[in-house]
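What follows is a single structure, written as structure tokens, with notes after it.
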Amino acid sequence: MAQAGSRPGGTTGPVDAPGRARLGGGVIATLVGAGLLVVFVVQNRNDVRFDFLLWGFTWPLWLFTLVSAAVGAVLWIGLGVLRRHRRRVARREDRREDRAG
């Protein structure tokens with residue numbers, strides 16, 4: 001006897017109507033994020049002038065914000081990788097010391 005909600009092949013879960021595709025959480029999050037990004041770009045189209053030492057340039061505010069966020073994310077991830085690497089090296093050294101002595 002088949003249980004309610006069982007699918008052919010032995011997997012369980014919600015029963016889909018035949019011929020209907022469901023959107024997953026990742027797809028929904030991507031669509032929401034893309035929509036928010038479009039709203040952000042439309043609302044921040046002003047040009048901003050930057051002067052740094054001898055350089056001066058003009059960028060749209062949305063581009064400056066996205067580039068700053070991307071650089072910050074890369075630095076954050078890079079620092080995390082360095083931290084994990086240092087901890088891994090320290091653990092290896094501790095293991096070697098424990099085995100030797």
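The values are calculated or read from the model by the stated rules, or taken from the named source; none is laboratory data. Bear in mind the structure is a predicted one, so any value in this text is a computation, not a measurement. So basically every Cβ, Gly included, is an ideal-geometry build from the backbone, and we count neighbours across all protein chains shown.
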Q: Go through segment 58-77 and count every residue that is surrounded by 10 or more Cβ atoms within 10 Å (Cβ to Cβ) and in contact with a Lys or Arg (Cβ under 8 Å, 6 or more places away or on another chain).
A: 3
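Please go through segment 39-55 and give me each residue that is among the aliphatic types (A, V, I, L, M) and over 14 Å from L66 (Cβ atoms), ordered by number. Explain how you work it out, then say what you get.
Of segment 39-55, the ones among the aliphatic types (A, V, I, L, M) are 39, 41-42, 48, 53-54.
Those that are among the aliphatic types (A, V, I, L, M) and over 14 Å from L66 (Cβ atoms): L53, L54.
Working carefully through the options L75, L66, find the one that is at pLDDT 90 or above, on the phi < 0 side of the Ramachandran plot and either assigned to a helix (DSSP H, G or I) or under 25 Å from the mean Cα position of the chain (by Cα) (or both).
After ruling out the rest, the residue left standing is L75.
In segment 47-77, which residues are more than 23 Å from G33 (Cβ to Cβ) and not charged (D, E, K, R)?
First, pick out the residues of segment 47-77 that are more than 23 Å from G33 (Cβ to Cβ): 47-58.
If the condition is that a residue be more than 23 Å from G33 (Cβ to Cβ) and not charged (D, E, K, R), then V48, F50, F52, L53, L54, W55, G56, F57, T58 are the ones that fit.
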